[in-house]
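The values are calculated or read from the model by the stated rules, or taken from the named source; none is laboratory data. Given the structure is predicted, the values throughout are model-derived calculations rather than measurements. Here the Cβ positions follow ideal geometry from the backbone for every residue, glycine too, while neighbour counts run over all protein chains shown. The accessibility values were calculated without ligands, DNA or RNA, using every heavy atom of the protein model including side chains. Shrake-Rupley method; radii C 1.70, N 1.55, O 1.52, S 1.80 Å.
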Number of protein chains: 2
Amino acid sequence: MIELRHLRYAVTVADEGHITRAAERLGIQQPPLSQQIRNLEDLVGATLFQRLPRGVTLTEAGRTFVDKARIILKDVDLAVEATRRNARGEEGSLAIGFTSSAAFHPLVTTAVRSLGEISPGVRIKLEESSTSDLIDALRAQLIDVAFVRSPVELSKGLTVSRILDEEMFVALPDSHRLVAKRARRASPIQLSELADESFILYRRPSGPGFYDAIIAACGRAGFSPRVKHEAPRLMSTLSLVAAGLGISIIPNSMTRLETNGIAYLPLDRKTQLVAPLHLAHRDEPSGGTLRLFIDIVRRSAPELG
Amino acid sequence: MIELRHLRYAVTVADEGHITRAAERLGIQQPPLSQQIRNLEDLVGATLFQRLPRGVTLTEAGRTFVDKARIILKDVDLAVEATRRNARGEEGSLAIGFTSSAAFHPLVTTAVRSLGEISPGVRIKLEESSTSDLIDALRAQLIDVAFVRSPVELSKGLTVSRILDEEMFVALPDSHRLVAKRARRASPIQLSELADESFILYRRPSGPGFYDAIIAACGRAGFSPRVKHEAPRLMSTLSLVAAGLGISIIPNSMTRLETNGIAYLPLDRKTQLVAPLHLAHRDEPSGGTLRLFIDIVRRSAPELG
DNA sequence: GTAATTGCATACTTTTGGGATATGGCATGA
DNA sequence: TCATGCCATATCCCAAAAGTATGCAATTAC
């Protein structure tokens, strides 16, 4: 069987025109090189070199072979290099999923941008879905990694890591009495101050998300919130607040949205109501690109939390 | 050092997704294949396969490597095939030289055409020069083979083979008395019949060619020819004959030229004046294309001589 | 829940072939 | 004619490829 060794030997002999000097370059002795060239000629079934009293020259068939051998040797080096780049996460692809509420967090956008800058050769695919749809997509290997809000149950086969906790804000119509009151004293809103308000909450049909967490926190504060409206889209929640139909509770990153008619006020931390951000991926050994991305997310979290 | 064996092993394992089945396809046992794959991963510096309880799958880096390995293995096969075709004379190039007087012989044109038909992949280069220039070009490896008329002296390092002898003809103005005489009896012209004629001979400055042979044949016939004109080009010779300035002696193949005002009459064979055609090439082992061409020439000579 | 099966990895042994050394043969150069 | 250059042949050694025996862990069958 022809091996790359044969190709290397033939190319070096062709370059030197002299078997003894070629052997020196290759770090072996002249007789084994002579033999290996003979073996190669047998395997190929053609005379590649014409032996002269002083050195050798390529036959025309030999020239054909050596020209192609040179290219093949270079291609092998390129294949190894490309494989290494891929293993280091410098090329390849990554499918990243995130929930609607995670989409606004600067960590997500910063991490994606960083990956694109560090490894321009990586192709990034983004997917926005519900938590449970993202988990299904992970299991089906449709995506490689996902930002989700709540830690998922039945996470067998997945690794789910808490990246950060985001403080919560109250979104109110800017004409609300609490907004005017706010202007005179700077302290977070107590959940109990919202006992008489109409709540507008975003509830995804396929998963609990914030909904149950907010209900539970109000219970701890001593009241049951009047959920007057449920919105099918996160953006709809804010639209309803702007229309003066009620108030909502949202994670800090959503306050970045420029929406007329809404004021965002911080919620008191004693409510123990936070918006966690988790990173989920499959348990199996990760490719270079995924490892690099996880590393970027972990490094960015402290300053963007 | 990575070898083609490694590439073959990796591609087969990838195709099977199962090391034991891949080993069977490769004709080796499972443990050495497992070891060789591990060695390859060390050499490349990346994990190529993810081991599962039942079989293996490619990592993304592994997919990069195997895709390129597949192409390289195919290129090696193509390189061997192209080398074999070249060795068989089915591709490559051949530089063929010929003297002016040889150019008209149907053997030359037929052989060149046959080579082109048998091996369309061969690139043919034609060169017309004097005998001595062709010999120089052979020695300088500017051409591979040459049709020459006279056997050359100092043919060291060359093989010169007589291919055929061409009978000679007399070229006369068609108003010549010998032409009219010819119409009444059909027998070749005796050289002695030309004793009083003005001769026009083609003499290359760099070599004797026909010139001296004609002079010698006339001497054998009992006279010294009156060489009234010497032409620097073979075609010029015929132009002067057409102009009625004399007669010339030319090889049979030149009679194929359609030239007004000239009649061609065969010369008696007893003159022992023939136009030989030789094939010259270097002594060294010939490439496939040259061997094929020499074979074509030898096979065609009997029916075109 | 337990035993059998699957399939890759490890350990050890055998076989094979690459490479070393010694030397021969032939053409060239002094 | 002798020395030199340089590839080829002969023989030997050892490293690596491959074989065999077995271990380990996950999955499947009962």
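Normalised per residue, the accessible area of region B:1-73 is 50 Å², obtained with a 1.4 Å probe and no contribution from ligands, DNA or RNA. In the complete set of protein chains, residue-level accessible area for B:LYS74 is approximately 130 Å², probe 1.4 angstrom.
Ratio of Rg to Rh for region B:51-95: 1.37 [Cα atoms; Kirkwood radius as inverse mean 1/r over pairs]. Across identical copies of the chain, A:ARG139 has label-point separations of 8.6 nm, listed in ascending order, with the point defined 7 angstrom from Cα along Cα→Cβ.
Set against the 2.2 N^0.38 Å expectation for a compact globular protein, region A:211-305 has a Cα radius of gyration ratio of 1.41.
Between B:LYS228 and B:ARG123, what is the FRET efficiency for a Förster distance of 51 Å, r being their Cβ-Cβ separation, to the nearest 0.05? Write down the numbers at each step before the final one.
On the way: r = 45 Å, r/R0 = 0.88.
That gives a FRET efficiency of 0.70.
Chain A residue nearest the rotation axis toward B, with distance: A:GLU3, 2 (Cβ to axis, whole Å).
Over all other residues within a Cβ to Cβ distance under 12 Å of A:LEU138, the charged ones net out to -3, with Lys and Arg as +1 and Asp and Glu as -1.
Measuring with a 1.4 angstrom probe and ignoring ligands and nucleic acids, A:THR57 comes out at about 60 Å² accessible. Work out which residues of region A:12-47 lose at minimum 30 square angstrom of accessible surface when the other protein chains are put back, relative to the chain isolated, with a 1.4 angstrom probe, and list them by number. For region A:12-47, once contacts with the other chains are taken into account, A:VAL44 lose 30 Å² or more. Placing a label point 7 Å from Cα along the Cα-to-Cβ axis, A:SER192 is separated from the same position in the other copies by 15.2 nm, shortest listed first. Radius of gyration (Cα atoms) of the protein assembly as shown, expressed as a multiple of 2.2 N^0.38 Å: 1.80.
What percentage of the solvent-accessible surface of chain A, computed with a 1.4 Å probe over protein heavy atoms, is contributed by carbon and sulfur atoms? Walk me through the numbers before you get to the answer.
Working: 7390 of 14880 Å².
Carbon and sulfur: 50 percent of the exposed surface of chain A.
Shown for region B:68-90: residues covered by the partner protein chains by 40 Å² or more of accessible area relative to the chain by itself (probe radius 1.4 Å), namely B:LYS68, B:ILE72, B:ALA79, B:VAL80, B:THR83, B:ARG84, B:ASN86. Which whole-angstrom value gives the distance between the alpha carbon centres of region A:255-293 and region A:232-246? Region A:255-293 and region A:232-246 have Cα centres spaced 20 Å from each other. Per-residue ellipticity at 222 nm from helix content only, as computed over the protein assembly as shown with -39500 (n - 2.57) for each DSSP H run of at least four residues, stands at -13500 deg cm²/dmol. Exceedance of the 31 Å cut-off in Cα-Cα distance is limited, within the set A:LYS156/A:LYS270; B:LYS156/B:LYS228; A:LYS125/A:LYS270; A:LYS228/A:LYS270; A:LYS125/A:LYS228; A:LYS74/B:LYS156, to A:LYS156/A:LYS270; B:LYS156/B:LYS228; A:LYS125/A:LYS270; A:LYS125/A:LYS228; A:LYS74/B:LYS156. Across the protein chains, with a 1.4 Å probe defining accessible surface, the residues B:VAL112, A:VAL66 rank B:VAL112, A:VAL66 from largest area downward. Which residues does the label zone of B:ILE215 cover in region B:229-262, counting backbone N under 13 Å from a point 7 Å along Cα→Cβ? What the label zone holds, given the 13 Å backbone N cut-off, is B:230.
For B:LYS68, the aspartates and glutamates whose Cα comes closer than 16 Å to its Cα, not counting residues fewer than 8 places off in the same chain, are A:ASP75, A:ASP77, A:GLU81, A:GLU91, B:GLU3, B:ASP15, B:GLU41, B:GLU60, B:ASP77.
If you take the alpha carbon atoms of chain B and fit the smallest convex hull around them, that volume is 182 Å³ per residue.
Summing +1 for each Lys or Arg and -1 for each Asp or Glu, what net charge is found among the other residues whose Cβ lies under 15 Å from the Cβ of B:GLU41? Numbers along the way, then the final one.
Values: positive: A:ARG84, A:ARG88, B:ARG5, B:ARG38, B:ARG51, B:ARG63; negative: B:GLU3, B:ASP42, B:GLU60.
Charge balance near B:GLU41 sits at +3.
For region A:94-146 versus region A:11-42, the spacing of their alpha-carbon centroids is 54 Å.
Compute the signed sum of charges (Lys and Arg +1, Asp and Glu -1) over the other residues within less than 9 Å, Cβ to Cβ, of A:ALA22.
Working: positive: A:ARG21, A:ARG25; negative: A:ASP15, A:GLU16, A:GLU24.
With Lys, Arg at +1 and Asp, Glu at -1, the net is -1.
Translational diffusion of region B:4-87, estimated by Stokes-Einstein from the Kirkwood radius over alpha carbon pairs at 20 °C in a medium of 1.002 mPa s, is 161 µm² per second. Label-point spacing for A:PRO31 across the identical copies (point 7 Å from Cα in the Cβ direction), in nm and ascending order: 3.5.
Would you mind classifying region A:1-146 by shape? Square roots of the alpha carbon gyration tensor eigenvalues, ordered a ≥ b ≥ c; an a/c under 1.5 is rounded, otherwise it is prolate if a/b is larger than b/c and oblate if not. It is prolate, given that a/c is not under 1.5 and a/b is the larger ratio. Within the straight-line cut-off of under 12 Å between alpha carbons, the aspartates and glutamates reachable from B:LYS181 are B:GLU193, sequence neighbours fewer than 8 places apart in one chain being disregarded. Summed over both chains, the contact between A and B buries some 2700 Å² of accessible surface at a probe radius of 1.4 Å.
To the nearest 10, the accessible area of B:ILE124 is 60 Å² with a 1.4 Å probe. Region B:166-273 gives an Rg/Rh value of 0.92, both radii derived from C-alpha positions and Rh following Kirkwood. Between B:ASP67 and B:ALA140, the simple label model (points 7 Å from Cα in the Cβ direction) yields a spacing of 5.1 nm.
Hey, what's region B:166-273 come to in accessible area per residue, 1.4 Å probe, Å²?
Values: 5480 Å² over 108 residues.
With all protein chains present, region B:166-273 gives 51 Å² per residue.
Between the beta carbons of A:LEU245 and A:ARG162, assuming R0 = 51 Å, the FRET efficiency works out to 0.90 to the nearest 0.05. Compactness check for region A:91-193: Cα Rg over 2.2 N^0.38 Å is 1.45.
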